[in-house]
Amino acid sequence: MQLELYAFLYTCCLGETTKVNYIDSKPLEVCHVKREKNHRVFKHIAQKGKTSKGYFYGLKLHLICNQRGEPVRLRLTSGNVSDNNAAFLKTFLNDFQGKIYGDKGYLTKLKGHFEKNGCKIISKVRKNMKKPNLTGEERYYLKKRGLIETVFDQMVNICQIEHTRHRSPRNFAVNLWAGIIAYAFLGKLPQIQEFQPKILEQSVVLLAD
């Protein structure tokens with residue numbers, strides 16, 4: 001069942017890259033972090049990781065979605081793999097073409113490497129860093145990064161990809177792949193509107209007046 005679901009997900013449920021794509025990760029807890037030493041089901045698989053909300057014990061679902069809210073690429077890692085891990089990004093973004101928008105977690109020294117291969121990573125920067133020189137269109141799409149958070153929210157709350165009662169890693173995988181497949185078949189996926197230069201120009205004129 002596990003392999004069949006995985007094959008169906010990759011062959012029938014993933015969308016195509018668009019000119020705008022978003023990247024982020026979702027921690028998947030397998031137990032409360034205080035019980036990590038007593039947890040046996042995911043021993044040697046799950047690891048302690050840290051997010052903006054604090055520490056967790058489990059795995060991470062790394063996802064790229066397009067502007068229509070369709071999953072494009074996904075990868076599952078242990079919880080201690082950071083979003084900007086060099087080895088992970090080189091594998092995850094291998095042969096990826098187009099622009100990807102992410103949060104500060106995707107600040108990486110490999111941006112030049114990826115741009116040479118046709119992949120441009122656009123992310124927010126820290127307060128002590130120089131602001132990147134972005135076009136009006138790129139600034140617009142960077143502000144819409146909440147799209148992928150909405151995608152994760154629907155996967156968790158509607159398709160139930162996360163819970164802490166798994167009795168085996170196989171059961172976890174079946175539940176995760178089935179949940180992502182269910183998300184792909186939802187009636188209406190979250191999406192963002194196309195950038196419209198005329199609206200931006202009108203806003204600039206109003207501010208100037």
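Quick grid of which residues meet (1) within 21 Å of Q160 (Cβ to Cβ); (2) acidic (D, E); (3) at pLDDT 95 or above:
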site	(1), (2), (3)
G15	no, no, no
V30	yes, no, no
K34	no, no, no
Q47	no, no, no
L63	yes, no, yes
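Within segment 1-18, which residues are out of contact with any helix residue (DSSP H, G or I) (no Cβ under 9 Å at 6 or more places or on another chain), closer than 26 Å to Q67 by Cβ and loosely packed, with under 14 Cβ neighbours inside 10 Å?
Residues satisfying the conditions are Y10, T11, E16.
Residue check, Y106 against (1) within 28 Å of Y6 (Cα to Cα); (2) among the hydroxyl-bearing types (S, T, Y); (3) surrounded by 18 or more Cβ atoms within 10 Å (Cβ to Cβ); (4) without any contact (Cβ under 8 Å) to a residue 60 or more places away in the chain, all met but one. Which one?
(4)
Which one is surrounded by the most Cβ atoms within 10 Å (Cβ to Cβ), of the residues in segment 162-182 that are in contact with a strand residue (DSSP E or B) (Cβ under 7 Å, 6 or more places away or on another chain) and not in a helix (DSSP H, G or I)?
If we take residues in segment 162-182 being in contact with a strand residue (DSSP E or B) (Cβ under 7 Å, 6 or more places away or on another chain) and not in a helix (DSSP H, G or I), then E162 is surrounded by the most Cβ atoms within 10 Å (Cβ to Cβ).
Determine which single condition T164 fails, assuming it passes every other condition in (1) of a type in the set (S, T, Y); (2) farther than 24 Å from P197 by Cβ; (3) out of contact with any Cys (no Cβ under 9 Å at 6 or more places or on another chain).
Result: T164 fails condition (3) only.
Taking F152, is it more than 19 Å from C65 (Cβ to Cβ), buried (at least 18 other Cβ atoms within 10 Å of the Cβ) and either in contact with a Cys (Cβ under 6 Å, 6 or more places away or on another chain) or modelled with pLDDT of 90 or more (or both)?
no
Cβ-Cβ under 8 Å, sequence separation 6+ or interchain: first residue in segment 34-53 and more than 27 Å from G105 (Cα to Cα) and without any contact (Cβ under 8 Å) to a residue 60 or more places away in the chain, partner assigned to a loop (DSSP other than H, G, I, E, B) and hydrophobic (A, V, I, L, M, F, W, C). Which pairs?
Close Cβ pairs satisfying both conditions: H39/A46.
Residues of segment 11-48 being part of a strand (DSSP E or B), closer than 17 Å to W177 by Cα and out of contact with any Phe, Trp or Tyr (no Cβ under 7 Å at 6 or more places or on another chain), which ones?
If the condition is that a residue be part of a strand (DSSP E or B), closer than 17 Å to W177 by Cα and out of contact with any Phe, Trp or Tyr (no Cβ under 7 Å at 6 or more places or on another chain), then S25, L28 are the ones that fit.
Residue pairs, Cβ under 7 Å, 6 or more apart or interchain, first in segment 167-178 and small (G, A, S), second in a loop (DSSP other than H, G, I, E, B) and surrounded by fewer than 17 Cβ atoms within 10 Å (Cβ to Cβ). List them.
Matching pairs, first to second residue: S168/V41.
Check whether at least one residue in segment 183-199 is modelled with pLDDT of 85 or more, in a helix (DSSP H, G or I) and either surrounded by fewer than 13 Cβ atoms within 10 Å (Cβ to Cβ) or among the hydrophobic types (A, V, I, L, M, F, W, C) (or both), and report yes or no.
Scanning segment 183-199 turns up at least one residue that is modelled with pLDDT of 85 or more, in a helix (DSSP H, G or I) and either surrounded by fewer than 13 Cβ atoms within 10 Å (Cβ to Cβ) or among the hydrophobic types (A, V, I, L, M, F, W, C) (or both).
The values are calculated or read from the model by the stated rules, or taken from the named source; none is laboratory data. Keep in mind it's a predicted model, so treat the numbers as computed, not measured. When we count neighbours, we look across all protein chains shown, and the Cβ atoms used for this are built from the backbone with ideal geometry, even at glycine.
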